[in-house]
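What follows is a single structure, written as C-alpha cells, with notes after it.
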Amino acid sequence: LLAAIVVGVSDVYYFKLVGPEKTVERWATSFGEFIGIGPNGNLWVDGCDVAELVERFGSPLFIMSENQLRYTYRLFRDAFREHYPNSEILFANKSNNGLAIRHIMNQEGAGGDCFGNTEMYLALLAGTDPKTLVLNGSNKEDEELEMAIANGLCINIDAMDELDRIDAVAKRLGKDVDIGIRLALDLDPLAERQGVAMHGPGTMKEQSDSTKWGMTREQTVEIVKRAQVMSNMNLVEIHFHLSRMSNIANDFAVMAGEMITWAAHIRDETGWVAPTIDIGGGWTFGKWYGTGPNSQMDDDSAPTADDYARECAKAIKDEAARLDFPLPKLRLEPGRALSGPAGVAVGTVGAVKTGDTKKWVNLDLSTNHISWAAILDWYYHALPVRNAGAEGTETVDLVGPLCNSDELGRHRKMPPLQRGDFVAFLDTGGYCESSAARYNAQRLPATVLVTGDTADVISDREEFRDAAGRFRVPPHLLAGSFAPQAGE
C-alpha cells in the first residue's frame, strides 16, 4: 500500500511504501515528481485524480501542485547554495501572482520580483518581507515609488530621471531608500548566438540591445555618483535580466560574468563596490515529453538548475578573481522555471469536427487561458485525463471556442476523443493564469491548489457579474435605451 506521510512542518509530502524508508516511484508514467499517471490510469496531481477535480470544481480549470512548487523551488535554491552559498531566490511574481502561491514562496524563504503596484501590493498583502522584494520597471508611476519607499523595497532604477523622483518621494515620506540600477550589458560574446524567436529577430545581443531595459555604463556611473551624495539613498545592487532568449547555461554564465565586469568598472569610476548582483530570470526547464518555444525545444537535454548554478557561479568567481573584485551576494529571479512545472490546465471536449484534411477537437479551454500557445507558438504537452496513457492514433488540432483560430495544440497525436472527455495541458503553472485574457467576454477559470490528497480553490471562477461589473453606461445612453420615447 501507498501512504502519504509528512516529513517535518514545511517539508513536501512523499508517498512511501509502508515500512521501508525508501521513496518509491508511484506513477505509471511520470510528468513530474508530483504529477503523473496514477494507479487507475488517469492523470493525477499529487494525491488527487484530475478527473475527479474537474467534476468537482468545473471546467475549464487550472490546477497547481503545492508540493511540486516547493520541490522545484528547492532544486534551484539548493543548486545555487551549493555552488554559490551567498545566494538568494527572488520568485518572479509575474509568472503566477496568486496570493496562495506567494504564501508558499514566503514559507520557502523566497523573495520576489515585482512589476507595478498590484504585484507589489499582493506580495505585501501576503506578508512578504519587503527587504526581499525588488521593484522593477522601465516607467514607474509615482504611486509605485511611494508604495515601494513606504514599505522598504529595493527599487531598481531604469530611467535617468528616476533617482530624482525617488529622492522627492523619500524626502516627503522621511524615508531612506534601497536602490539598485538595471544595466544594459554589452553581451559581446553573444553576438553570434541566435536567440529564440519570442524576443524578435537577431542574435541574443541584438535582441538584448533592442529592448527598452537598462542603463548604459556612462549612465550607470552618473547615477551612482549622484546617489553617493544623497544621504537618504542606499546603493545595494546592480541588476540584469537576460530573459528567455536561450536554454544554454553558458549564455547565462556569460551574462553573470559580465555583471562582475561592469561592477568592477563602476568601482573604478566611483569607488562604490556593489554588494549584490541580481542576474534576473529567464531560466528554463526541460521535460522528456517536450515543452517551451519552437515546438518542444526544451526536452530532457535542457539545462538543469544545477547546470545553471555551476556555470554561473564559476563565471562570477573567475571574473571576480581576474578583476580583484570581492564576491558579491547573488540574487536571481526565476519565475516560469519554478511555477511552470507545478501547473496543469484542463478543458472539456465539445464539438469534434472532421473535414477533408483535418480533424478539430474543440475545448472550453482557450488561448485566453493559455495565451503563449498562440502568441509565442509555445508547446504545452497535451493528453487525455482519463486513460491518460492511451496511444495517440489520430492527428488532431486542439482548439478553443473563441472567434479566431484559437489553436492550443496543432497536429497533436491523440487517442479518439468525444464530447465530455477531459484534456490536460502540462506545465501551465507559469504565465497562464497571470496573463489570461477575456476576449469574447470569456470568464476566467477557477484555480485549485492540490496538497497531497486535498484540493482548495485559490482563485474563484468568474461569474457573469464579474464580467459585467467592470462596465459603466453613461446616463444619456441609459435614457436613450430605457426612457419612454415621444408618442409612446
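The values are calculated or read from the model by the stated rules, or taken from the named source; none is laboratory data. Everything numeric here is computed off the predicted structure, so don't read it as measured data. A quick note on method: Cβ atoms are made from the backbone with ideal geometry, for glycine too, and the neighbour counts reach across all protein chains shown. Quick note on the areas: whole protein, heavy atoms, side chains included, nothing else; ligands and nucleic acids left out. Shrake-Rupley method; radii C 1.70, N 1.55, O 1.52, S 1.80 Å.
Secondary structure note: in the chain, about 55% of the DSSP beta bridges are antiparallel. Of the residues 211, 435, 395, the one whose Cα sits farthest toward the positive end of the charge dipole of the chain, with +1 on the Cβ of Lys and Arg and -1 on the Cβ of Asp and Glu, is 395. Between amide H atoms placed 1.01 Å from N, distances below 5 Å from residue 459 occur with 447, all of them 5 or more places distant or on a separate chain.
Of the peptides 90-103, 123-136, the order by per-residue mean of other Cβ atoms within 10 Å, starting with the highest, comes out as 90-103, 123-136.
Determine the relative contact order of region 299-405: mean sequence separation of Cα pairs under 8 Å and six or more apart, normalised by residue count, in whole percent. With pairs under 8 Å counted, the relative contact order is 21 percent. Across the chain, the relative contact order, built from alpha-carbon pairs under 8 Å that are at least six residues apart, equals 18 percent.
Look at where the Cα atoms of region 135-157 and of region 44-91 average out, and the two centres are 29 Å apart. What the chain shows is 43 Å² of accessible area per residue, with the surface traced by a 1.4 Å probe over protein heavy atoms. Dipole size of the chain about its Cα centre, with +1 on Lys/Arg Cβ and -1 on Asp/Glu Cβ: approximately 560 debye, rounded to the nearest 20. 3J(HN,Hα) couplings calculated from phi for region 29-42 with the Karplus curve 6.51 cos²θ - 1.76 cosθ + 1.60 (θ = phi - 60°) are, in sequence order, 9, 9, 10, x, 5, 10, 9, x, 8, x, x, 8, x, 8 Hz; Gly and Pro show x. Its relative contact order, with pairs defined as Cα atoms under 8 Å and 6+ residues apart, puts region 125-188 at 33 percent. Per-residue 3J(HN,Hα) values for region 143-154, derived from phi via the Karplus relation 6.51 cos²θ - 1.76 cosθ + 1.60 with θ = phi - 60°, read 5, 5, 4, 5, 5, 5, 5, 4, 9, x, 6, 7 Hz in sequence order (x marks Gly and Pro). Converting phi to 3J(HN,Hα) with the Karplus coefficients 6.51, -1.76 and 1.60 and the offset θ = phi - 60°, region 46-59 yields 6, x, 10, 6, 4, 4, 5, 5, 5, 5, 7, 9, x, 9 Hz in sequence order, with x at every glycine or proline. Taking amide H as placed 1.01 Å from N in the peptide plane, residue 194 has its amide H under 5 Å from the amide H of 204, each at least 5 places away in sequence or on another chain. In a simple Cβ point-charge model (Lys, Arg +1; Asp, Glu -1; nothing else charged), region 392-444 has a dipole of about 100 debye relative to its Cα centre. Pairs exceeding a 19 Å alpha-carbon distance, out of 131/175; 94/171; 287/314; 94/175; 359/413: 94/171; 287/314; 94/175.
Here region 66-188 has 47 percent of its accessible surface on carbon and sulfur atoms, given a 1.4 Å probe and all protein chains in place.
Can you tell which of 27, 375, 277 lies farthest toward the positive end of the dipole of the chain, using +1 and -1 charges on the Cβ of basic and acidic side chains (Lys, Arg; Asp, Glu)? In the chain, that residue is 27.
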